[in-house]
Amino acid sequence: MSRIAEKRAELPAWIADALPATAAAPNDIQSAAREQITQWGLPSLRDEEWRWTNLRNLSRQTLVPSAGSAVAEVPHPISAVLTDALVIEFVDGQLKTLPADLPTGLTLTSLEHASPEQRAAAFAPAATTPNDALLALNTASAQQGVVIEVAANTVLTRPIVLQWQDGVVPESFSQTRVSIQLGAHAQATVIESVLGMNQNLCWRNTVSVVTQAANSQLHHLSLGLDGDHHLLTDRTFVTLARDARYHSLNLQLAGQLIRREIDVNITDTGAHCDLFGLMMPRGKQVLDTHTRIIHNAPHTTSNEHYRTIADEAGRGIFKGRILVAQDAQKIAAFQDSRNLLLSDQAEIDTKPELEIYADDVKCSHGATIGRLDPEALYYLQSRGISFAKARGLLIVGFAQEIIDEAPLPALVDWLTKQVTRRLGGTTVAE
Amino acid sequence: MKLLDIKNLHAKIGDKPILRGINLTVNAGEVHAIMGPNGSGKSTLCQVLGGREGYEITEGTIEFEGKNLLDLSTEERAVAGLLLGFQHPVEIPGVKNIYLLKEALNAQRAAQGLDDMDTFAFMKLIRELVKTMDMDDAFLHRGVNAGFSGGEKKRNEILQMLLLQPKLALLDETDSGLDIDALKVVSDGINRLRGADRGIVLVTHYQRLLSYVEPDFVHILYKGQIIKSGDKSLALQLEAEGYQDFLEAAS
């Protein structure tokens, strides 16, 4: 029986023409990735991991590679909240500033100046199927980025903020790579905050590679709060050694299309990951998160909570895969996906995927899609609270349980205000 | 002064008539107890007064301070001073108790033409009330009723009453599911609500509550009608005879 190869759409010329001969990745890795992306083109609905997310709108554009002339436009709103943050500034994917006077144990290196070893680590994850086409594209293209290294036994009290201003130059695109390496027992908080500037169309394709040594702890936040027209495709690879803990908070309110993929490989006993997410699509936004957790060792745990609040014609997508490898016994994996539809045009797709090859495993998952609880609305109204206000309280309340996972109280307050503002409500002051 | 005046009230859910001609007048300063077996219409009466959707009023009138209550939405009834204590308070995780309390108080103040209460004054007031209900401050920062025990939920209902100081408090089986300690705290709270300008309606299945909160009037609700009214001795008689014998004798 012969198998007819499905013809894939070619990589759009504006992307193909921008592929550099060499990039920040080690040469052999870069050229292999270049070959892959040329052969695969962009992911399509026929690729399993892209069934719900259509990049057609992107491929029809003609965007220009960001050149580095753009300058930061506004002070980043988060710097007013986290006054002691170590801020790394990117504009249209170009590294603009690295903070000075770093705390002991922290090293920040521009990708351009990274050593061969640092580059090898930053570009370690390899693309294997067309589902990984954007990873291949990034590996083939990325020249800008940063390497964050926290030495063993270093406990960083100041958060590191990566602020991404995207779309300062309209209709531009960029490829960025971030490497976060934590030594044994190190602790750090990294907050990535994306601003879509001036309502400009733009696209950034980014990959982060997080490697955590034994007993290290990372809080990793991705905040997309502003801008309606930017596109972001963002893949994060996390590798956890023995007893390492990774805590992710993924909060997406803004953008035309945001696609996040979080791949966590739990490689040794005692390691744990928490993945929390809140997506609030409205208008015609598509906010998508795919997570994949691999339990590759016994006595490892994961805990995942995702929520979507979809209004107008917004679309939310969550797919969460949990794989428990053979002989990885004594696993506890919890996942839930709770979703709120606020309009008839809104759409939410959610899918848990459990693949379990061990037998002594506690895995649970659940997914719900619903509307606001009429009982709760009535209860609030019976206290004299207006329908509109009661509705607002319930929606913010639904979001609040995720926001409360932010690591710093000042950040929790600020994020609560952002979400409340986004819902057009007033903040309830305490 | 008449607070609540119910005349010949008939209500149904779907095709099923539940209330079949209720007459009840509650004046300021009075405490009324409405007792009845399961399915007699107690909760329906409470929900109809609260303005919940799904009940059809087919006959009769309800006036609250001389105004037609049925013209008012649920939230308008609350800010007008008619507050319903739930038999099953709803759990709302994510919405902090303190938000509910503050929003509710400020909604009431807005209806009276007052500004929002100053945050400092509000916190002082609410902390005092929390203490009187034998609750911990931590309650304020938990989700509304989320994960509360039965007793904690009912205390929370009374806490809201004490804060909002309704003209008419309508308490639907506030005593059910309480152990004796919680019952005492809840009863103390209700007794503190008593006042010359306030009416209280206790809807209950058991006489027990009425030993702690002495009613001026007791009404027996059966098959959607008040079949007998009297003073507190009626409740004791009902308790002694049991619903079945009592109802057989009465009907």
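Every read-out reported here was derived from the displayed coordinates using simple, explicitly stated rules and does not represent laboratory data. Remember, it's a predicted structure, so these values are computed and weren't measured experimentally. Note that we place each Cβ from the backbone using ideal geometry, even for glycine, and neighbour counts take in every protein chain shown.
With +1 on each Lys and Arg Cβ and -1 on each Asp and Glu Cβ, and nothing else charged, work out how big the dipole of region B:1-68 is about its Cα centre, in Debye to the nearest 20.
Values: 8 positive and 8 negative charges, 31 e Å.
In debye, rounded to 20, region B:1-68 gives about 140.
Where does each of A:137-147, A:80-90, A:367-377 land if you order them by average Cβ count within 10 Å, highest first?
The densest-packed peptide leads the list: A:137-147, A:80-90, A:367-377.
Excluding A:HIS290 itself, what net charge comes from residues whose Cβ is under 13 Å from its Cβ, given Lys and Arg +1 and Asp and Glu -1?
-3
Can you list the chymotrypsin sites (Phe, Trp or Tyr not before Pro) in region A:96-188 that are in a DSSP coil and have 11 or fewer other beta carbons within 10 angstrom?
Here no chymotrypsin sites (Phe, Trp or Tyr not before Pro) fit, given the DSSP loop and packing criteria.
Semi-axes of the equivalent ellipsoid for chain B, please: Cα gyration tensor eigenvalues, times 5, square-rooted, ordered largest first, whole Å.
Result for chain B: semi-axes of 30, 21, 17 Å.
Mind checking which lysines have their C-alpha under 28 Å from A:LYS330, skipping anything on the same chain fewer than 8 residues away?
Excluding near neighbours in sequence, the set is A:LYS319, A:LYS351, A:LYS362.
Please compute the Cα-Cα pair-distance distribution of region A:315-430 with 10 Å bins starting at 0, giving whole percents from short to long.
Reading upward from the zero bin: 11, 30, 31, 18, 8, 1.
Once phi is turned into ³J(HN,Hα) by the Karplus curve 6.51 cos²θ - 1.76 cosθ + 1.60 with θ = phi - 60°, what whole-Hz value does each residue of region A:299-306 show in order, with x for glycine and proline?
Per residue, the Karplus-derived 3J(HN,Hα) values read 6, 10, 9, 8, 9, 9, 10, 10 Hz.
Within 10 Å, count the other beta carbons around each residue, average over each peptide in A:218-230, B:5-17, and list them highest first.
Numbers: A:218-230: 22.5, B:5-17: 15.2.
Going from most to least packed, we get A:218-230, B:5-17.
Plugging the Kirkwood radius over Cα pairs into Stokes-Einstein for region A:374-430, at a temperature of 10 °C and a viscosity of 1.306 mPa s, what D comes out in µm²/s?
D, rounded to a whole number, is 134 µm²/s.
Mind checking the dipole of region A:15-268: about its Cα centre, +1 per Lys or Arg Cβ, -1 per Asp or Glu Cβ, Debye to the nearest 20?
Dipole about the Cα centre, nearest 20: 240 debye.
Just tell me which aspartates and glutamates come within less than 13 Å, Cα to Cα, of B:LYS16; anything on the same chain fewer than 8 places away is out.
Partners found: B:GLU56.
For region A:15-268, divide the Cα radius of gyration by the Kirkwood radius and give the resulting Rg/Rh value with two decimals. Can you show the working numbers first?
Numbers: Rg = 17.2 Å, Rh = 18.3 Å.
Rounded to two decimals, Rg/Rh equals 0.94.
Taking H placed 1.01 Å from N in the peptide plane, check which residues at least 5 places from A:ALA333 or on another chain put their amide H under 5 Å from its amide H.
Amide H to amide H, under 5 Å and 5 or more residues apart or across chains, A:ALA333 pairs with A:SER302, A:LYS362, A:CYS363, A:SER364.
Give me the three principal axis extents of the protein assembly as shown from the C-alpha atoms, as integers in angstrom, largest value leading.
Cα spread of the protein assembly as shown along its principal axes, largest to smallest: 97, 65, 49 Å.
First select every other residue whose beta carbon is under 10 angstrom from the beta carbon of A:THR139; then total the charges, Lys and Arg +1, Asp and Glu -1. Please list the in-between numbers first.
Details: positive: A:ARG34, A:ARG177; negative: A:ASP132.
Net local charge, A:THR139 excluded: +1.
Do the sum for chain A: with -39,500 (n - 2.57) for every DSSP H run of n ≥ 4, divided by all residues, what is the mean residue ellipticity at 222 nm, to the nearest 500 deg cm²/dmol?
The per-residue figure over chain A is -5500 deg cm²/dmol.
Counting only other chains, what is the mean number of Cβ atoms within 10 angstrom of the Cβ of each residue in peptide B:80-91?
So the per-residue partner count for this stretch is 3.
By a straight-distance test (C-alpha under 19 Å), which lysines pair with A:LYS389 as possible cross-link partners, with residues fewer than eight away in the same chain excluded?
A:LYS417, B:LYS96, B:LYS102
Other chains near B:141-148: what is the mean number of their Cβ atoms within 10 Å of each residue's Cβ?
Details: counts 1, 0, 3, 6, 2, 2, 0, 0.
Mean inter-chain Cβ contacts per residue within 10 Å come to 2.
In deg cm²/dmol, rounded to 500, what helix-only [θ] at 222 nm does chain B give when every DSSP H run of at least 4 residues adds -39500 (n - 2.57) and the total is split over its residues?
-12000 deg cm²/dmol
For region A:84-101, take each phi angle, set θ = phi - 60°, evaluate the Karplus expression 6.51 cos²θ - 1.76 cosθ + 1.60, and give the result in whole Hz per residue in order, putting x for glycine and proline.
9, 5, 8, 9, 10, 9, 10, 10, 6, x, 9, 5, 9, 9, 10, x, 9, 6
Count the net charge of all other residues whose Cβ sits under 13 Å from the Cβ of A:GLN335, scoring Lys and Arg as +1 and Asp and Glu as -1. Please report the intermediate quantities before stating the final value.
Numbers: positive: A:ARG292, A:ARG307, A:LYS319, A:ARG321, A:ARG338, A:LYS351, A:LYS362; negative: A:ASP274, A:GLU304, A:ASP336, A:GLU353, A:GLU355.
Neighbourhood net charge equals +2.
Each residue of region B:96-113 in order: what ³J(HN,Hα) in whole Hz does its phi give by Karplus 6.51 cos²θ - 1.76 cosθ + 1.60, θ = phi - 60°, with x for Gly and Pro?
Here the 3J(HN,Hα) series is 5, 3, 4, 5, 4, 4, 5, 4, 5, 5, 5, 5, 5, 5, 4, 5, 8, x Hz.
For A:ILE191, enumerate residues with amide H under 5 Å from its amide H, sequence gap 5+ or separate chain, H modeled in the peptide plane.
A:ILE160, A:VAL161, A:LEU162, A:LEU221
Enumerate the amide H contacts of A:ASP349 below 5 Å, restricted to partners 5 or more residues apart or on another chain; note that Pro and chain-start residues carry no placed amide H.
Result for A:ASP349 returns A:GLY316, A:ILE317, A:PHE318.
Could you work out the mean count of beta carbons from other protein chains within 10 Å of each residue's beta carbon in A:391-400?
For this peptide, the per-residue mean of nearby foreign Cβ atoms is 4.
For region A:157-199, what value does the Rg/Rh ratio take when both radii are computed over Cα atoms and Rh is the Kirkwood radius, given to two decimals?
1.11
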